[in-house]
Amino acid sequence: MSDINRALRSHDLTPGELAHRSGVAVSALHYYEREGLITSLRTAGNQRRYHRDMLRRVAFIRVSQGVGVSLAEIRDALATLPEGRTPTKADWARLSRTWRGALDERIARLERLRDTLDDCIGCGCLSLRSCSLANPGDVLQEYGDGPVRLVGRSGA
């Protein structure tokens, strides 16, 4: 029996099994692996097998993406774990604290969008009738281009 086969355990998952259990497409798993977010072992026949711990890593990735964390930020966070281990509850608490500021800003931006959605798109132009009320005299132009009311004021 080869070292690789000895490393494979009966509870390791095929890509299809991991996809089914995690709710992620097999193609996404392969992408995560190419991006260094998860790892697999190979059988003697060169088939991928994922350790059951990858279920938690994939869940961590999905939850992180669900709150708007980029894959690059997720990769950086996972790289802080000793020997690439799967995140624990304590790890999640620590890592999620590092994302709090960015998430708070994202929430604030969404609240601004929600609160002004029926007004205009916040672009600072005078092309919509309501913009002449929200941006009289085109005062927003001094803050830069783009949707400054919603995204933020580049000059502030």
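Within the range 41-64, how many residues turn out to be free of Cβ contacts under 8 Å to residues at least 40 places away in the same chain and open to solvent by 30 Å² or more (accessible area, probe 1.4 Å)?
Counting residues in the range 41-64 that are free of Cβ contacts under 8 Å to residues at least 40 places away in the same chain and open to solvent by 30 Å² or more (accessible area, probe 1.4 Å) gives 10.
So which residues in the range 1-40 are open to solvent by 50 Å² or more (accessible area, probe 1.4 Å), modelled with pLDDT of 95 or more and of a type in the set (A, V, I, L, M, F, W, C)?
A25, V26
Answer with yes or no whether T80 is modelled with pLDDT under 90 and surrounded by 12 or more Cβ atoms within 10 Å (Cβ to Cβ).
Here the answer is no, as T80 does not meet what is asked.
Out of the residues in the range 65-77 that are free of Cβ contacts under 8 Å to residues at least 40 places away in the same chain and under 14 Å from E33 (Cα atoms), which is surrounded by the fewest Cβ atoms within 10 Å (Cβ to Cβ)?
The residue in question is A72.
The values are calculated or read from the model by the stated rules, or taken from the named source; none is laboratory data. Values in this document were obtained by computation on a predicted structure and should not be read as measured data. Cβ coordinates were reconstructed from backbone atoms using ideal geometry, including for glycine residues, and neighbour counts include every protein chain displayed. Just the protein is used for accessible areas: all its heavy atoms, side chains included, with ligands, DNA and RNA removed. Shrake-Rupley method; radii C 1.70, N 1.55, O 1.52, S 1.80 Å.
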